[in-house]
Amino acid sequence: MCSHDMAVERHGTAERRGGAKSGEPASSIALTVNGRRQELVVGRDFPSGASLAEVLRDRLGLTGVKLSCDRGACGACTVVMDRRPVLSCMTLAVQADGADVLTVEGLAADDPLIVAFATQARPGHGTAIQCGFCTPGMVMAAKALLLRVARPTREQVVAALAGNICRCGCYEGIIDAVVRAGESAGVGAGAAGETESLDPPVGGSVP
């Protein structure tokens, strides 16, 4: 299944809403982004065909959402939507109507994932961050995993991040950081070993 099909299947098909026609009320969407409710008018606040990534970046100023390939192949644009990882460059903004969206800006500075990525530099595994461009997408793909798996195994982490590309090749450090974050107290939706059903990874690369 291609990345675009995955994005559509997860969130259902959504009709592209255009701007308001003369004499008709404007179409609008309402979504929660990083805990704050946002109400946006289609055709006024963003074009009807705009992606969720474009609205998050250009309208809401959340530039932690990265645009790279713009075709769902690299995972840099990954955000968490209703507890699932989504490719925001391949998701229409109107598909997020009523959704709860989390971007890297919505994570606290002491979130175990933020701490683990910032401090990961163990000998033999290397750093989890080099140029940093892929980091927000990696972090959010990992966040979606940790919301559903309390303490994921290394294999589960590899599978969850398989759609995220790191051009600097920091995969070992990234995987190690996510495993360490999962071992930290308070991370995960339930007790150790409890697992919700997992989605296929976004994108298509394999660390």
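The values are calculated or read from the model by the stated rules, or taken from the named source; none is laboratory data. Model, not experiment: these values are computed from the prediction. When we count neighbours, we look across all protein chains shown, and the Cβ atoms used for this are built from the backbone with ideal geometry, even at glycine.
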- Query: Is it the case that some residue within region 156-164 is of a type outside the set (A, V, I, L, M, F, W, C), modelled with pLDDT of 95 or more and more than 30 Å from Pro47 (Cβ to Cβ)?
  - Reply: yes
- Task: Report, by residue number, each residue of region 86-101 that is over 12 Å from the mean Cα position of the chain (by Cα) and of a type in the set (A, V, I, L, M, F, W, C).
- Result: Leu92, Ala93, Val94, Ala96, Ala99
- Message: Please count how many residues of region 73-92 are in a loop (DSSP other than H, G, I, E, B) and over 19 Å from Cys168 (Cα atoms).
- Response: 6
- Item | All positions within region 142-155 that are out of contact with any Leu (no Cβ under 8 Å at 6 or more places or on another chain) and either within 30 Å of Phe46 (Cβ to Cβ) or not in a helix (DSSP H, G or I) (or both) | Ala144, Leu147, Ala150, Arg151, Thr153
- Condition set modelled with pLDDT of 50 or more and touching a Gly at 6+ places or on another chain (Cβ under 6 Å), scope region 184-207, selection surrounded by the fewest Cβ atoms within 10 Å (Cβ to Cβ): answer is Pro201
- Query: Just checking, how many residues over region 163-178 are under 25 Å from Asp70 (Cβ atoms) and buried (at least 18 other Cβ atoms within 10 Å of the Cβ)?
  - Reply: 7
- Query: Pick from Ala181, Ala144: which is modelled with pLDDT of 95 or more, closer than 17 Å to Val80 by Cβ and either surrounded by fewer than 17 Cβ atoms within 10 Å (Cβ to Cβ) or touching a Lys or Arg at 6+ places or on another chain (Cβ under 7 Å) (or both)?
  - Reply: Ala144
- Message: Can you find, within region 156-185, the residue that is nearest to Gly75 (Cα to Cα) among those that are outside any helix (DSSP H, G or I) and of a type in the set (A, V, I, L, M, F, W, C)?
- Response: Ile165
- Item | Hits in region 98-141 - residues which are in a loop (DSSP other than H, G, I, E, B), free of Cβ contacts under 8 Å to residues at least 60 places away in the same chain, among the hydrophobic types (A, V, I, L, M, F, W, C) and surrounded by fewer than 19 Cβ atoms within 10 Å (Cβ to Cβ) | Ala108, Ala109, Cys131
